[in-house]
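Working notes, structure below.
The values are calculated or read from the model by the stated rules, or taken from the named source; none is laboratory data. No experiment lies behind these values; they were computed from the predicted model shown. Here Cβ is always computed from backbone atoms with ideal geometry, including for glycine, and neighbour counts include all displayed protein chains. Side chains included, ligands, DNA and RNA excluded: accessible areas come from the protein's heavy atoms. Shrake-Rupley method; radii C 1.70, N 1.55, O 1.52, S 1.80 Å.
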Amino acid sequence: NTKKNYMSTLNVNTIKSQSTSAPTIQNSSGTEVGQFVKAFLRYNQQTDTMGQNFNISSVDDISEGVFHVNFATAFSNANYAYTFGSKGQVASGGGEHTQVYTYFAAPSASKLQVGVFRPENSAARADDERVCVIVCA
């Protein structure tokens, strides 16, 4: 017996779940092997503008270096995973870079508080022109 492997390409406009939960990505044995990103955002703190985003209803600029990401569709709980990225440079000439963290507030099902800090001074926050947030659940 020779086992044949067939490759297929699914080319559709829409993938729709048969329930209210997101579709799952499974291998041929039915084991889940992947999930979809549940929310993402590219945000300019200096101009308080959202760039590309998905499942984000708004961003609240709280103070220098601190903002809330508000989800358009809340999660069932706050046990989601998130990651951040940033441009990093907040002053011309280099040397002053940012680090992005959740900031003095635990994530909730409906929002995530984010803080952008300058690591050369742990008390100094900064508005970065390019902060990215990705959420998986």
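Close amide H pairs (under 5 Å, H built 1.01 Å from N) link Tyr103 with Gln113, Val114, Gly115, residues at least 5 positions away or on another chain. Counting only protein heavy atoms and a probe of 1.4 Å, the accessible surface of the chain is 47% carbon and sulfur. Across every pair of non-identical alpha carbons in region 1-136, the mean reciprocal distance, once inverted, gives a Kirkwood radius of 17.2 Å. Pairs of lysine residues in the chain that meet both criteria, 8 or more places apart or on different chains and Cα atoms under 28 Å apart, total 5. When the chain is described by a simple charge dipole with +1 on each Lys and Arg Cβ and -1 on each Asp and Glu Cβ, the residue from Phe84, Gly51, Ala74 located farthest towards its positive end is Ala74.
Across region 14-24, coupling constants 3J(HN,Hα) worked out from phi with the 6.51/-1.76/1.60 Karplus curve, θ = phi - 60°, read 9, 10, 10, 6, 8, 9, 7, 8, 5, x, 9 Hz, and Gly and Pro carry x. Projected label points at Asp48 and Asn5, each 7 Å from Cα along the beta carbon direction, are separated by 5.4 nanometres. The residues of region 1-130 have, on average, 69 Å² of accessible surface per residue, using a 1.4 Å probe with all protein chains present. Springs between Cα atoms under 10 Å define the GNM used for the chain, and in it the highest mean-square fluctuation of Thr102, Thr31, Thr83 occurs at Thr31. This model, with +1 at the C-beta of Lys and Arg and -1 at the C-beta of Asp and Glu, gives the chain a dipole about its Cα centre of some 800 debye.
Please compute the net charge surrounding Val66, taking Lys and Arg as +1 and Asp and Glu as -1 over other residues with Cβ under 11 Å from its Cβ.
Working: positive: Arg125; negative: Asp60, Asp61, Glu64, Asp127.
Spelling it out: positives minus negatives among the neighbours equals -3.
In a simple Cβ point-charge model (Lys, Arg +1; Asp, Glu -1; nothing else charged), region 27-90 has a dipole of about 200 debye relative to its Cα centre. Summing Lys and Arg as +1 and Asp and Glu as -1 over all other residues whose Cβ lies under 11 Å from the Cβ of Gly51 gives a net charge of +1.
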